[in-house]
There are 2 protein chains.
Amino acid sequence: MTKENLVACHNRIKPFIHNTPILSSSLVNNLVNAEVYFKCENFQKTGAYKIRGATNAIMQLTSEQKEKGVVTHSSGNFAQALSFAAQSLGVKATIIMPSNSPKVKKSAVVEYGGYIIECEPTIKARQNTADSIVKEKGATFIHPSNDLDVILGQGTACLELLYEQPNLKAVFCPVGGGGLIAGSALAANYFGNNCQVFGGEPFEADDAYRSLISGKIETNEKTNTIADGLRTQLGQHNFPIIQKHVKQIVRVSEDEIINAMRFIWERMKIIIEPSSAVTFAAVLKEKSAFKNKKIGVIISGGNVDVNNLPFNI
Amino acid sequence: MTKENLVACHNRIKPFIHNTPILSSSLVNNLVNAEVYFKCENFQKTGAYKIRGATNAIMQLTSEQKEKGVVTHSSGNFAQALSFAAQSLGVKATIIMPSNSPKVKKSAVVEYGGYIIECEPTIKARQNTADSIVKEKGATFIHPSNDLDVILGQGTACLELLYEQPNLKAVFCPVGGGGLIAGSALAANYFGNNCQVFGGEPFEADDAYRSLISGKIETNEKTNTIADGLRTQLGQHNFPIIQKHVKQIVRVSEDEIINAMRFIWERMKIIIEPSSAVTFAAVLKEKSAFKNKKIGVIISGGNVDVNNLPFNI
């Protein structure tokens, strides 16, 4: 996971991803009392940063591995990302999805060329089904966040942000499975100018916060958060990177998430998903530390179900 | 309303407005079977193009007029735009608003420094109240759409679009009071390369469509459309320009508006208001005429009440 690895990864995946725009807003800057730069991965292909890691992981396979395809289990953005990336690269992707996944998510996977196998909605069933595909077809399992090639790929969003804004004092990311924040921490470490990385996490799924305190990977006992992308937990590949390079995890309430999401929608006129609102809510909570400084925010994605929004609550 | 007037207007207002981004999307291009360029005035100050015309109209006043302030009647985007523009230019703005205007709209006007006078929710009461302010304070009345300086200002959005994309075969605009489409038609006429201008209008408020047929300004008998910005009607200053330079008005249903809005929100991850969705719905309806051509779409604004969205219908 060297500086050179990260740059090579970026060069490798560049033709297959968008270099997404970096937006700023005087309204936001006035509110935060800082210069805030939003790296807008909601405008990324498939609507989220996940395509970066998925693309890198597939491109690192041998021809023989590529021929046998890839498999993952995900009901979220990584399912769509791996399907799309595999299709772009002429590789077959099998996606293990819980049988109770929303129809809209299944449709998106099919639209991007993924082949769905349904399983019981338990973590054990997901893993067992994935294992059987690996055995049966010789397919390569690619984990959505706990995979070094995936982590490197996800770090390229922060890398692009730092190429354009080299003097950020901090970068804020959401923390779910830990792939994005670990990759961002590597990018900030190698390319930042004393740039610290902060994670935003819901109180309702605060495994990363507790893991950093206890020094071992903690599990979520509840995941009752609107930030559906952050209900997952850290893994043994990304946790050590997070321990070493992440400054702090900031926890936010469900109300803070919804208010942050409403603010960005209403004022910046862009659609961000709840997991990205977590990140901006964390910025608002810690804003006193960044007065008149430059900070970056990774807007992780914009995949929401517009028929089921939280604003009327 | 010469070419030189339009350029002078643009130079005049440039320091006070955003040159908004022009977005495109391969998903949209595939759907429409054309190259579609969205001029994103939802990212404009106050969330809509209206600030352009408001700024130009105020800047054209004499010092004496500026001292006495400006007045308009509007419950929509022009109320906010005139308030904001007046504040930027150190001029006092009085906004006549119907007493039943939503609180969120009144708050926005106050936030931008406008002074609200409420009146009965009838067109007559609006006009009478505005007249009395003109008499009493010597303030200058600025109409939201039927004013030559406003029309020129609104045309600068299309001008900026054509500066970046000089070979558009068509530009689509929404049609409400007629200021934006009249200004766009002038811009396309002076700066386009055989660029035709099309209007999008709801069936439920199709005064412009009927006016072009009858050759005189028709009124809306009903305005039962979700596109709240398009419930107004044409005026004697913009109608002749529209008659002369607009190719066609395309009418769309409420379902078509909502589906177009959902598509842009879900796929482009930007927030557009129903009036802008009318425009994209018109593009979808007429797409067979533009196969493999370049076309422009003016996204007029992004001001929506997120507590009251149409998607659950």
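Observations on the structure shown:
- Any hit, the range B:281-300, residues being within 14 Å of chain A (Cβ to nearest Cβ) and under 25 Å from B:Lys169 (Cα atoms): yes
- Test for B:Tyr163: is it aromatic (Phe, Trp, Tyr), surrounded by fewer than 20 Cβ atoms within 10 Å (Cβ to Cβ), free of Cβ contacts under 8 Å to residues at least 40 places away in the same chain and over 19 Å from B:Gly47 (Cβ atoms): yes
- Filter result for B:Leu152 (more than 26 Å from B:Asp305 (Cα to Cα) and out of contact with any helix residue (DSSP H, G or I) (no Cβ under 8 Å at 6 or more places or on another chain)): no
- Of the listed requirements (1) surrounded by 24 or more Cβ atoms within 10 Å (Cβ to Cβ); (2) closer than 22 Å to B:Ala227 by Cβ, B:Ala86 misses just one: (2).
- Yes/no for A:Thr122 being farther than 21 Å from A:Pro174 by Cα and surrounded by fewer than 18 Cβ atoms within 10 Å (Cβ to Cβ): yes
- Against the test of being within 14 Å of chain B (Cβ to nearest Cβ) and of a type outside the set (Val, Ile, Thr), the options A:Gln60, A:Gln44, A:Gln65 yield a single qualifying residue, A:Gln44.
- Among the candidates A:Gly200, A:Gly235, residue that is small (Gly, Ala, Ser) and surrounded by fewer than 24 Cβ atoms within 10 Å (Cβ to Cβ): A:Gly235
- Strands (runs of 3 or more DSSP E) completely within the range B:1-110 that count 3 or more residues being not hydrophobic (A, V, I, L, M, F, W, C): B:35-40
- Any hit, the range A:25-35, residues being buried (at least 18 other Cβ atoms within 10 Å of the Cβ) and closer than 18 Å to A:Asp149 by Cβ: no
- Some residue of the range B:251-260 being under 16 Å from B:Ile298 (Cα atoms) and in contact with a Cys (Cβ under 8 Å, 6 or more places away or on another chain): no
- Test: residue in the range A:264-272 that is more than 9 Å from every other protein chain (Cβ to nearest Cβ) and in contact with a strand residue (DSSP E or B) (Cβ under 6 Å, 6 or more places away or on another chain): no
- Qualifying position, being modelled with pLDDT of 95 or more, on the phi < 0 side of the Ramachandran plot and touching a Cys at 6+ places or on another chain (Cβ under 9 Å), among A:Lys39, A:Lys50, A:Lys14, A:Lys66: A:Lys39
- The residues on offer are A:Ser26, A:Ser88, and the sole one that is within 14 Å of chain B (Cβ to nearest Cβ) and more than 30 Å from B:Phe43 (Cα to Cα) is A:Ser88.
- Applying the set (1) part of a loop (DSSP other than H, G, I, E, B); (2) free of Cβ contacts under 8 Å to residues at least 40 places away in the same chain to B:Ile116 leaves exactly one unmet item: (1).
- Filter result for A:Ser253 (under 17 Å from the mean Cα position of the chain (by Cα) and either modelled with pLDDT of 95 or more or within 13 Å of chain B (Cβ to nearest Cβ) (or both)): no
- Residue check, B:Lys135 out of contact with any Gly (no Cβ under 9 Å at 6 or more places or on another chain) and outside any strand (DSSP E or B): yes
- Within the option set A:Leu309, A:Leu212, being of a type in the set (A, V, I, L, M), free of Cβ contacts under 8 Å to residues at least 40 places away in the same chain and within 14 Å of chain B (Cβ to nearest Cβ) holds for one residue only, A:Leu309.
- Residues of the range A:265-294 that turn out to be hydrophobic (A, V, I, L, M, F, W, C), surrounded by fewer than 24 Cβ atoms within 10 Å (Cβ to Cβ) and under 14 Å from A:Leu31 (Cα atoms), as a count: 3
- Only one entry of B:Gln233, B:Gln248, B:Gln196 meets the criterion of being in the same structural domain as B:Gln165 (by TED's automatic domain parsing) and closer than 24 Å to B:Glu4 by Cα, and that entry is B:Gln196.
- Taking each residue of the range B:63-78 that is crowded, with 24+ Cβ neighbours inside 10 Å and looking for partners that are of a type in the set (S, T, N, Q) and not in a helix (DSSP H, G or I) with beta-carbon atoms closer than 7 Å, six or more apart or interchain, yields B:Val70/B:Thr140; B:Val71/B:Thr94; B:Asn77/B:Asn303; B:Phe78/B:Thr72.
The values are calculated or read from the model by the stated rules, or taken from the named source; none is laboratory data. Since the structure is predicted, the reported quantities are computational estimates derived from the model, not experimental observations. Using ideal geometry, Cβ is built from the backbone for each residue, glycine included, and neighbour counts are taken over all protein chains shown.
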